[in-house]
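Undergrad: First the structure, which I've put down as structure tokens, then a few questions once you've had a look.
The values are calculated or read from the model by the stated rules, or taken from the named source; none is laboratory data. No experiment lies behind these values; they were computed from the predicted model shown. We place every Cβ from the backbone using ideal geometry, glycine too, and count neighbours over all the protein chains shown.
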Amino acid sequence: MRRSVDFGHVQVVVDYDTGRVRCLIPAAPGPTTAPTASWGSAEHPAGLTRPRGARSPAAAAALAAVCAIKAAGDRGTAMRRLTGAIRAAASFTTEPATPEQATAAVHAVRRAAWYSPARTACLEESAAVVLLLALRRRSVIWCHGVAPDPVRLHAWITTHDGTAAAEPASTGAYTPVLMIGEHP
């Protein structure tokens, strides 16, 4: 499944089957180079400050499940497996999570990620939060978005009222490309 966002000066195309991101620029009179997308962001002081929140074996298990899902197969289809797991988890929920429950889950996953030897950035953290809350039958909306100048990607969760859980205000600069868990 491919999704794209056109910012005018660059069109960002995300292929959720392969995880590939392409930046296309409109026709210009001279030679130009399309920017590359960054899968990270400088918003979180990862590894610099110990995250708040209680220790949670369930959060650690959710994070371990995300890492296993990403590692269990061809690297080129890891994003498809991960979005499939997020969809499956979202389908088992019965009640929307409150902003407080979502924020507590984010903090618990970030605390578990502090001790993880695997890559734990926004993608892994947000997916683990969805799994953790699904264990409690609580739903959130998983968001994956793009921001321009420079082009960068970010994943986060929101509650059904639109509240981003434990995110800086700068997350508002991201245009959602894929949202999983929203109800029509």
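Undergrad: Kindly indicate which of GLY40, GLY84 is modelled with pLDDT under 90 and out of contact with any Ser or Thr (no Cβ under 9 Å at 6 or more places or on another chain). Before the answer, list the steps.
TA: Numbers: GLY84 fails: modelled with pLDDT under 90.
That would be GLY40, the only listed residue that is modelled with pLDDT under 90 and out of contact with any Ser or Thr (no Cβ under 9 Å at 6 or more places or on another chain).
Undergrad: While we're here: Looking at ALA113, ALA105, ALA68, ALA128, which is the one that is farther than 23 Å from GLY172 by Cα and modelled with pLDDT of 95 or more? Explain how you work it out, then say what you get.
TA: Numbers: ALA113 fails: modelled with pLDDT of 95 or more; ALA105 fails: farther than 23 Å from GLY172 by Cα; ALA128 fails: farther than 23 Å from GLY172 by Cα.
Exactly one of ALA113, ALA105, ALA68, ALA128 is farther than 23 Å from GLY172 by Cα and modelled with pLDDT of 95 or more, namely ALA68.
Undergrad: Has the stretch 120-138 got at least one residue that is farther than 21 Å from ALA54 by Cβ and touching a Leu at 6+ places or on another chain (Cβ under 7 Å)?
TA: First, pick out the residues of the stretch 120-138 that are farther than 21 Å from ALA54 by Cβ: 121-123.
When the remaining residues are screened for being touching a Leu at 6+ places or on another chain (Cβ under 7 Å), the result is none.
No, every residue in the stretch 120-138 fails to be farther than 21 Å from ALA54 by Cβ and touching a Leu at 6+ places or on another chain (Cβ under 7 Å).
Undergrad: Out of THR120, THR171, THR175, THR103, report the one residue that is hydroxyl-bearing (Ser, Thr, Tyr), touching a residue at least 40 places away in the same chain (Cβ under 8 Å) and touching a helix residue (DSSP H, G or I) at 6+ places or on another chain (Cβ under 7 Å).
TA: On the way: THR171 fails: touching a helix residue (DSSP H, G or I) at 6+ places or on another chain (Cβ under 7 Å); THR175 fails: touching a helix residue (DSSP H, G or I) at 6+ places or on another chain (Cβ under 7 Å); THR103 fails: touching a helix residue (DSSP H, G or I) at 6+ places or on another chain (Cβ under 7 Å).
After applying the criteria, what remains is THR120.
Undergrad: Which of the residues that make up the stretch 72-98 are under 16 Å from GLU182 (Cβ atoms), assigned to a helix (DSSP H, G or I) and in contact (Cβ under 8 Å) with a residue 60 or more places away in the chain?
TA: THR83, ILE86, ARG87, ALA90
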